[in-house]
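So the structure is just underneath, and the comments pick up after that.
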Amino acid sequence: MARKSKRKVATPKLPMQRQLNLRHEGKYFDLRAIFDRLNQKYFHGRLRNYSVVWGRRRRRRPKEYFIFGSIQEEDRVIRINPWLDQPFVPRWFLEYILFHEMLHAVVPDEPAANGRRRIHTEEFDRRERAFPGFRRAQRWEEENLARFLR
């Protein structure tokens, strides 16, 4: 059986992303260095030509939910919420968030019964739970989520 591509189709492509001055260097963390280390250690260097950047800082923090990171697979861009570039955020937590987004690039989506696609599949969850410090990161997120919401 041929393996389906996992790439999301971005229609239309977002050339604006290339015009925005998004950087991988933050005040406290360098996302490129973290990405490169995780890529070698857990993905054997398979994730090539990805940009990893801090997203744009919004004027207001969200009230109800917080998106730590996202991946735009068509453009090979991983964005991490800039609110994570703070001294109270442990590096190991940021590594977990980046690993989670990188995992989306290698674990295929599955169709769900309702016709949508399921991105957090059993295989995804299994591989994510195998990440060292997974439970520690989950606990830290639960204990600190309110710091990111208003």
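Structure values in brief
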item	result
Single unsatisfied condition, L14 versus (1) modelled with pLDDT of 70 or more; (2) surrounded by 11 or more Cβ atoms within 10 Å (Cβ to Cβ)	(1)
Hey, E110 in contact with a strand residue (DSSP E or B) (Cβ under 6 Å, 6 or more places away or on another chain), among the acidic types (D, E) and more than 20 Å from F29 (Cβ to Cβ) or not	yes
For L47: the one exception among (1) closer than 28 Å to L145 by Cα; (2) at pLDDT 70 or above; (3) of a type in the set (A, V, I, L, M)	(1)
Selection count, region 63-96, where residues are in a helix (DSSP H, G or I) and out of contact with any strand residue (DSSP E or B) (no Cβ under 6 Å at 6 or more places or on another chain)	8
Qualifying residue in region 27-41 (condition: among the small types (G, A, S) and modelled with pLDDT of 90 or more)	yes
Number of positions in region 70-83 that are touching a Gly at 6+ places or on another chain (Cβ under 8 Å) and crowded, with 19+ Cβ neighbours inside 10 Å	4
Lone qualifier among F124, F99, F131 - being open to solvent by less than 80 Å² (accessible area, probe 1.4 Å), in a helix (DSSP H, G or I) and touching a residue at least 40 places away in the same chain (Cβ under 8 Å)	F99
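The values are calculated or read from the model by the stated rules, or taken from the named source; none is laboratory data. Not measured: the values here are computed from a predicted model. Counting neighbours? That spans all protein chains shown, and the Cβs are built from the backbone with ideal geometry, glycine included. Note: accessible area is taken over every heavy atom of the protein model, side chains too, but ligands, DNA and RNA are not part of it. Shrake-Rupley method; radii C 1.70, N 1.55, O 1.52, S 1.80 Å.
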